[in-house]
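The values are calculated or read from the model by the stated rules, or taken from the named source; none is laboratory data. Note that this is a predicted model, so its numbers are computed, not measured. We work out accessible area using only protein heavy atoms, side chains counted, and drop any ligands, DNA or RNA first. Shrake-Rupley method; radii C 1.70, N 1.55, O 1.52, S 1.80 Å.
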Amino acid sequence: MNSENTFDPDAMIQRFRERADSVKRRDLPPVAGEERKKFLEQAQLDFQDFAIIGDSEISFEEGILRLTVDLRPREARG
């Protein structure tokens, strides 16, 4: 995928949004104790990572993909 004609950055961002939503809907497996805690922590990290990319602003120019992620609180954004 080295051409703007074959890469759809908007579709990529949509896939990350769908992944974040999927993590939110993920069923909890029948685990308890420390394993349950690890599973929940990993699910939170997965959601956070997918959501950050899904919320990014993108540009794809001359073969360079740029993701801009504003991590400031919404009320602090300009």
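The table that follows gives values for the structure above.
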{"read-out": "Rounded to the nearest 10 Å², the accessible area of LYS38 at probe 1.4 Å", "value": "110"}
{"read-out": "Residue-span extension gain [GLN14 to GLN42] - 0.36 nm each, minus C-alpha spacing", "value": "7.9 nm"}
{"read-out": "Gaussian network model of the chain, Cα within-10 Å springs - most flexible of ALA51, ALA20, ALA43", "value": "ALA43"}
{"read-out": "Most mobile of LEU45, LEU67, LEU28 in a GNM of the chain (Cα contacts under 10 Å)", "value": "LEU28"}
{"read-out": "Solvent-accessible area, 1.4 Å probe, carbon plus sulfur percent, for the chain", "value": "48"}
{"read-out": "Between helix 9-25 and the chain: long-axis angle, C-alpha atoms, 0 to 90°, nearest 10", "value": "10"}
{"read-out": "Choice from ARG17, ARG66, ARG25 showing the highest fluctuation, given a GNM over the chain with Cα pairs closer than 10 Å", "value": "ARG25"}
{"read-out": "Residue-normalised accessible area of the chain, given per residue in Å² at a 1.4 Å probe", "value": "81"}
